[in-house]
Amino acid sequence: MEKDFDIVEAQHSVRILFAGGGTGGHLFPALAIADEIKKLSPNAYIAFAGTKKKIEARVVPEKGYAFHTIWISGFHRRLTIDNMLFPLKVIVSVIQSFFLIRKFQPNIVVGTGGYVCGPVLFMASLFNIPTVVHESNSYPGVTTRMLASRVSKIFITFDITKQWLKAKAGNIELVGNPTRAVLGTISHEDGIRYFNLDPSKKTLFVFGGSLGAASINRAIKKNVSNLVRNGIQLVWQTGERDFANIQSSVSTDGIWIGKFIDAMEYAYAAADVVLCRAGATTIAELTRIGKQAILVPLPSAAANHQETNAHTLMESNAAVVIHDSELEVKALETIKELCTDGPRRAAMSEASRKLGKPNAGEEIARRILNLAKQ
């Protein structure tokens, strides 16, 4: 949903432009913060900048926020057409950001990491508009590192992140990772009903982030028949790439299969055990609701930050960790052990909840509103 920002109604107390997307890990913290801002300041006018072909183009308008596109993409490690176009895309997206900011005239611009927020925050800093970056990962992405010396504030989730950021004194604050308030509001029974599953069986929720995870999908596909025979049903988010193959080759008896789940609150509610990656947003969601998990860190994550995330939970007895290379061998027995051990799941759930920061979104929202109104 493109929207002309020439005129913003006078009744809006503050205008806030968000830039974040590319993956759910960058988008959902931004949406969580935006929702908290609307609670604290209902008259705030919020818009998002993002890309046309990624998750934000669909989800942001569905959430009721204005959405404007810029022509930017990430830089791949192999030679691609997108890489050849990357310098041109940067120039065009900076120009687009210039006109967007001039039209919208935001009081503050907020980025949540990733390539999407780079051009928008850079241009906002040239206009001397207050700028904020929220970095959810322990090791900050390249965009956050490049913007650190330019933005007004950097909110971080892990204290260790400070060592990689060259920012002005006092500009970095440890606040945690925002999560959507709807998480934890759905009952287990409603979650089971939402996916049309059997309330008498244990449920495994499998997902690999908004884009899916090939290694997780392979391991589950290999073991799914055995899981179902053992009375374990599945909610399985495959991602776009593997969906057609899995749907056509796996019996759907006792299994819900989908490319993407918008209503994650129902999936978490239905789950007795979660099998997933260890990205920062996922960790924040798991610990907000106290959900026991089997974590499979992405081995290619920058500075191996998912391994750090996963072991933080494992050392607190809030999760089990299986390395990617061992997944096909260890997944089945680990899932069966957890699904049949109620006391262990309860202990893991309690440990997980103690690590959560459910008020992070509200705290960040208050700081953003204070900066915007100065």
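The values are calculated or read from the model by the stated rules, or taken from the named source; none is laboratory data. Note that the coordinates shown come from a computational prediction; the quantities given were computed from them, not determined experimentally. Note: ideal-geometry Cβ built from the backbone for every residue, glycine included; neighbour counts use all protein chains shown.
Only one of the numbered conditions (1) more than 17 Å from Phe207 (Cα to Cα); (2) among the β-branched types (Val, Ile, Thr); (3) surrounded by 15 or more Cβ atoms within 10 Å (Cβ to Cβ) is not met by Val329, and that is (3).
Return a yes/no flag: does region 90-98 have any residue that is touching an Asp or Glu at 6+ places or on another chain (Cβ under 9 Å), at pLDDT below 95, among the polar types (S, T, N, Q) and on the phi < 0 side of the Ramachandran plot. No, there is no match, as no residue in region 90-98 is touching an Asp or Glu at 6+ places or on another chain (Cβ under 9 Å), at pLDDT below 95, among the polar types (S, T, N, Q) and on the phi < 0 side of the Ramachandran plot. For region 112-145, the set of residues classified as in a loop (DSSP other than H, G, I, E, B) and either closer than 23 Å to Ala302 by Cα or within 15 Å of the chain's Cα centre (by Cα) (or both) consists of Thr112, Gly113, Gly114, Tyr115, Val116, Ser136, Asn137, Ser138, Tyr139, Pro140, Gly141, listed by residue number. Taking (1) surrounded by 24 or more Cβ atoms within 10 Å (Cβ to Cβ); (2) under 22 Å from the mean Cα position of the chain (by Cα); (3) of a type outside the set (Gly, Ala, Ser) in turn, Pro106 satisfies each apart from (2). Contact annotation: residue pairs with Cβ atoms under 7 Å, 6 or more positions apart or on different chains, pairing a residue in region 190-211 that is in contact (Cβ under 8 Å) with a residue 12 or more places away in the chain with a partner that is of a type in the set (Lys, Arg) and part of a loop (DSSP other than H, G, I, E, B), are Gly208/Arg277; Gly209/Arg277. Contact map, region 347-374: first residue more than 17 Å from Asn171 (Cα to Cα), second residue surrounded by 15 or more Cβ atoms within 10 Å (Cβ to Cβ) and hydroxyl-bearing (Ser, Thr, Tyr), Cβ cut-off under 6 Å, separation 6 or more or different chains; pairs are Ser352/Thr287; Leu355/Thr287; Gly356/Thr287.
If I go through region 21-36 residue by residue, how many of them are part of a helix (DSSP H, G or I) and more than 13 Å from Arg180 (Cβ to Cβ)? Steps first, please.
Residues of region 21-36 part of a helix (DSSP H, G or I): 24-36.
Cutting the leftovers down to more than 13 Å from Arg180 (Cβ to Cβ) gives us 25-26.
Residues flagged as part of a helix (DSSP H, G or I) and more than 13 Å from Arg180 (Cβ to Cβ) within region 21-36 amount to 2.
Of the set (1) among the charged types (D, E, K, R); (2) surrounded by 21 or more Cβ atoms within 10 Å (Cβ to Cβ); (3) out of contact with any strand residue (DSSP E or B) (no Cβ under 9 Å at 6 or more places or on another chain); (4) closer than 22 Å to Asp341 by Cα, all apply to Glu315 but (2). Of all residues assigned to region 341-359, none qualifies as being modelled with pLDDT of 95 or more and over 17 Å from Lys291 (Cβ atoms).
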